[in-house]
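These notes are about the structure you will find just below.
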Amino acid sequence: MVTTFFWGLAAFLLANAFACLWRAFRGPTVIDRILATNVVNTKVLVVLVLLGLAFERSLLLDVALVYGLLNFGITIAASRFLETGRIRGSWQP
């Protein structure tokens with residue numbers, strides 16, 4: 001019963017992720033595209049957590065944690081690049 005719920009929720013989230021991918025493809029601005037891909041990555045992260053709970057595999061939870069950290073880092077780097085036109089910080093020569 002619980003596993004069926006997890007599978008249904010994962011399928012629903014993946015269907016919504018495809019709608020966000022469409023927005024990322026058609027987005028009128030770069031900011032819209034970055035936000036849409038960030039939402040897709042967050043949905044994939046939630047699906048990884050749900051599958052880890054459904055299969056009782058803690059490895060998938062670890063993968064989801066690393067995936068979330070990478071998603072955050074890439075979003076910050078892309079935002080920094082769009083804001084300043086460069087990724088280097090003031091700590092670098």
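The values are calculated or read from the model by the stated rules, or taken from the named source; none is laboratory data. Keep in mind it's a predicted model, so treat the numbers as computed, not measured. Backbone-built Cβ (ideal geometry, glycine too); neighbour counts: all protein chains shown. The accessibility values were calculated without ligands, DNA or RNA, using every heavy atom of the protein model including side chains. Shrake-Rupley method; radii C 1.70, N 1.55, O 1.52, S 1.80 Å.
Using the Cβ-Cβ distance between residue 35 and residue 4 with R0 set to 25 Å, the FRET efficiency works out to roughly 0.20.
Measuring gaps between exposed loop sites in the chain (trypsin sites (Lys or Arg not before Pro); DSSP loop; at most 10 other Cβ atoms within 10 Å), the longest gap, sites not included, is 1-85.
Counting 0.36 nm for each residue step from residue 55 to residue 83 and taking away their Cα separation leaves a gain of 5.9 nm.
Taking the Cα centre of the chain as origin and assigning +1 to Lys and Arg Cβ atoms and -1 to Asp and Glu Cβ atoms, the resulting dipole is close to 340 debye. Using a probe of 1.4 angstrom and keeping all protein chains present, the accessible surface of the chain works out to 74 square angstrom per residue.
Spatial offset of the stretch 63-88 relative to the stretch 16-31 amounts to 18 Å, using the alpha carbon center of each. Taking Lys and Arg as +1 and Asp and Glu as -1, the other residues whose beta-carbon sits under 15 Å from that of residue 39 total +3. Express the carbon and sulfur contribution to the solvent-accessible surface of the stretch 1-44 as a percent, rounded to the nearest whole number, probe 1.4 angstrom. Carbon and sulfur atoms account for 75 percent of the accessible area of the stretch 1-44. Shape class of the stretch 19-93 from the Cα gyration tensor (axes a ≥ b ≥ c, square roots of the eigenvalues): oblate, since a/c reaches 1.5 or more and a/b does not exceed b/c.
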